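Asks: Here's a structure for you.
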Amino acid sequence: MKKIAVVGTGYVGLVTGVALSDVGHQVTCIDIDQKKVERMQKGVSPIYEPGLDEVMMRNIEAGRLQFTTDHHEGFSGKEVIYIAVGTPEREDGTADLQYIDQVAKDIATHVKQDVVVVTKSTVPVGTNDHILSLIQEYLVHDVRVEIVSNPEFLREGSAVYDAFNGDRIVVGSDSQRAGDVIEEINKPFGIYCYRTDVRSAEMIKYASNAFLATKISFINEIANICEKVGANIEDVATGMGMDGRIGHQFLRAGIGYGGSCFPKDTKALTQIAANIDHNFELLNAVIRVNNHQHRALTEKAKSVLGSLEGKRVAMLGLAFKPNTDDMRESPAMAISQELILAGATVVAYDPIAMDNAKNVMPAGVSYVQNVEEALQGADAAFIVTDWKEFKALDLSVYVDQMAEANVFDGRNCYDLDKVALTKLNYYSIGRPPVV
Ligand code: NAD
């Protein structure tokens, strides 16, 4: 059992803190957001993540999990400090390290004992060295500080499951001892620990996200070609995925990736490359393809309906993917902006992300409380997020509620044979339309 502090209680920090406490460690989570901390102290998670509240409450009650806004109190007596603050994108695409730098200075000011600092946040290659030298520059007490890069691979929407069932844990350290401490902490999870140096660990994270984004843009391009040549992307992806060298995962065509990681991490990696005068052509194309793919539904709607001026569009789903309330870089924002510019009225519904959406969606979008209300009198429905609720709909709801049952499905939620039995005009991605 180790005494651990986790700085930052977003999707990564909170899940990390909760999971570490659940395997027996004594964990204090620190965040500067007072409201978040007050909620967490009461056992309420500030984010929607399936299963999180329950594990959180269990460990608060067992006395293994605490929350504070006070770095001094949070770091007191801790052997290990995890950094899990945000590294958002700057305007030029590079990673903004201001929160990381602040934590480094906080650690330097407050630690009074030897400590291993572990970076969970996704940071450009070389940042862990920078964190360590910043801590050493500002260090108040004479203590030993070592650093480990431990990038996070959890997926929002299944983060709790992933914390206990990840494919690997990457531990990058230039100090054998510090790496051993982190490997030991993670032993109870029973997940393979891959040991490497700090810079390789930092690179593994960016390379992994860039590769997954590449798979998505690749299959979306194949889908766009399928539409033109009369092939079906679902069959194509299934046939491709049966090749063990390719695999089935991340071969689902759609309206492109969004979320807090792929868009910013792909751009950051092109910048990391540009800094050493390397033009990462492939990744630049992946990003361009993705931006274009966000327009797929609107382009289809324009070609089917002609002008969108005065049309009422029901937007089903706002979150960037199901089972999360995270709206960061969700395609729903770009799509609704385009619809509004084209003169359409947008009526939106999402089962979980609506509160967050209202803060970031373009002005002019209106919100309703259920699918039926969204569809009422609509000329078109756009399926943006493949929530289970939408996949399970009785398709007659579209026909019953809409002025005209034109469904533009950005996530290929429905079986074409089933759609063919209805009166829907159905347009999906990379598959023949059903009209
Ligand atoms: P987030 O924005 O949800 O949370 C960051 C938290 O840090 C916020 O609650 C903020 O208040 C807090 N914070 C900022 N400065 C602080 C400080 N000085 N002291 C204490 N708390 C502070 O971020 P996230 O989505 O959890 O991502 C965190 C990092 O993990 C990022 O680098 C991200 O790229 C990476 N990552 C995210 C995911 C994901 O799915 N979200 C997956 C893998 C890796």
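Asks: Find all pairs meeting these conditions: Cβ atoms under 6 angstrom apart; at least six residues apart or on different chains; first residue within the range 9-24 and under 14 Å from GLY157 (Cα atoms); second residue within 15 Å of the ligand (Cβ to nearest atom) and charged (D, E, K, R).
Replies: TYR11/GLU156; VAL12/LYS120; VAL12/GLU152
Asks: Can you pull out every residue in the range 33-78 that is within 22 Å of LEU154 (Cβ to Cβ) and assigned to a loop (DSSP other than H, G, I, E, B)?
Replies: Of everything in the range 33-78, those that are within 22 Å of LEU154 (Cβ to Cβ) and assigned to a loop (DSSP other than H, G, I, E, B) turn out to be ASP33, GLY43, VAL44, SER45, PRO46, ILE47, TYR48, GLU49, PRO50, GLY51, ARG64.
Asks: Among VAL85, VAL55, VAL103, VAL116, which is the only one that is closer than 14 Å to VAL27 by Cα and in contact (Cβ under 8 Å) with a residue 60 or more places away in the chain?
Replies: VAL55
Asks: Now, a different point. Take ALA381 and decide whether it is in contact (Cβ under 8 Å) with a residue 40 or more places away in the chain and of a type outside the set (Val, Ile, Thr).
Replies: yes
Asks: Could you list, in sequence order, all residues of the range 165-185 that are within 16 Å of the ligand (Cβ to nearest atom) and either out of contact with any helix residue (DSSP H, G or I) (no Cβ under 6 Å at 6 or more places or on another chain) or polar (S, T, N, Q) (or both)?
Replies: Correct list: ASN165, GLY166, ASP167, ARG168.
Asks: Starting from the range 156-167, take each residue that is under 16 Å from ILE352 (Cβ atoms) and aliphatic (A, V, I, L, M) and list its partners that are assigned to a helix (DSSP H, G or I) and near the ligand (Cβ under 10 Å from one of its atoms), counting only C-beta distances under 7 angstrom and pairs at least six apart or across chains.
Replies: ALA159/TYR11; ALA159/VAL15; VAL160/VAL15
Asks: Which residues, counting only those in the range 106-138, are part of a loop (DSSP other than H, G, I, E, B) and either under 19 Å from VAL198 (Cβ atoms) or of a type in the set (Phe, Trp, Tyr) (or both)?
Replies: Once the filter is applied, which keeps residues that are part of a loop (DSSP other than H, G, I, E, B) and either under 19 Å from VAL198 (Cβ atoms) or of a type in the set (Phe, Trp, Tyr) (or both), the range 106-138 yields ASP114, LYS120, SER121, THR122, VAL123, PRO124, VAL125, GLY126.
Asks: Considering each of VAL85, VAL7, VAL55, VAL37 in turn, give the residue that is more than 12 Å from the ligand (Cβ to nearest atom) and of a type in the set (Val, Ile, Thr).
Replies: VAL55
Asks: Identify, by number, the condition in (1) in a loop (DSSP other than H, G, I, E, B); (2) within 25 Å of the chain's Cα centre (by Cα) that GLY364 doesn't meet.
Replies: The number of the failed condition is (2).
Asks: Test each condition in (1) within 15 Å of the ligand (Cβ to nearest atom); (2) under 27 Å from GLY259 (Cα atoms); (3) of a type outside the set (D, E, K, R) for HIS71 and report the one that comes out false.
Replies: The single condition HIS71 does not satisfy is (2).
Asks: Now, a different point. Counting only residues that are over 19 Å from the mean Cα position of the chain (by Cα) and assigned to a loop (DSSP other than H, G, I, E, B), which one in the range 79-105 is surrounded by the most Cβ atoms within 10 Å (Cβ to Cβ)?
Replies: GLU79
Asks: Are any residues in the range 17-34 crowded, with 17+ Cβ neighbours inside 10 Å, more than 9 Å from the ligand (Cβ to nearest atom) and under 26 Å from ALA319 (Cα atoms), and if so, which ones?
Replies: Matches in the range 17-34: GLY17, VAL18, ALA19.
Asks: Right, something else. State all residues of the range 203-253 that are touching a residue at least 60 places away in the same chain (Cβ under 8 Å) and among the acidic types (Asp, Glu); if no residue qualifies, say none.
Replies: GLU221, GLU227, GLU234
Asks: I've got another one for you. Checking GLY126 against (1) within 17 Å of MET203 (Cα to Cα); (2) away from the ligand (no atom under 12 Å from the Cβ); (3) in contact with a His (Cβ under 9 Å, 6 or more places away or on another chain), only one condition comes out false. Which one?
Replies: Among (1) within 17 Å of MET203 (Cα to Cα); (2) away from the ligand (no atom under 12 Å from the Cβ); (3) in contact with a His (Cβ under 9 Å, 6 or more places away or on another chain), GLY126 violates only (3).
Every read-out reported here was derived from the displayed coordinates using simple, explicitly stated rules and does not represent laboratory data. Just so we're clear, the structure is a prediction, and the values are computed from it rather than from any experiment. Backbone-built Cβ (ideal geometry, glycine too); neighbour counts: all protein chains shown.
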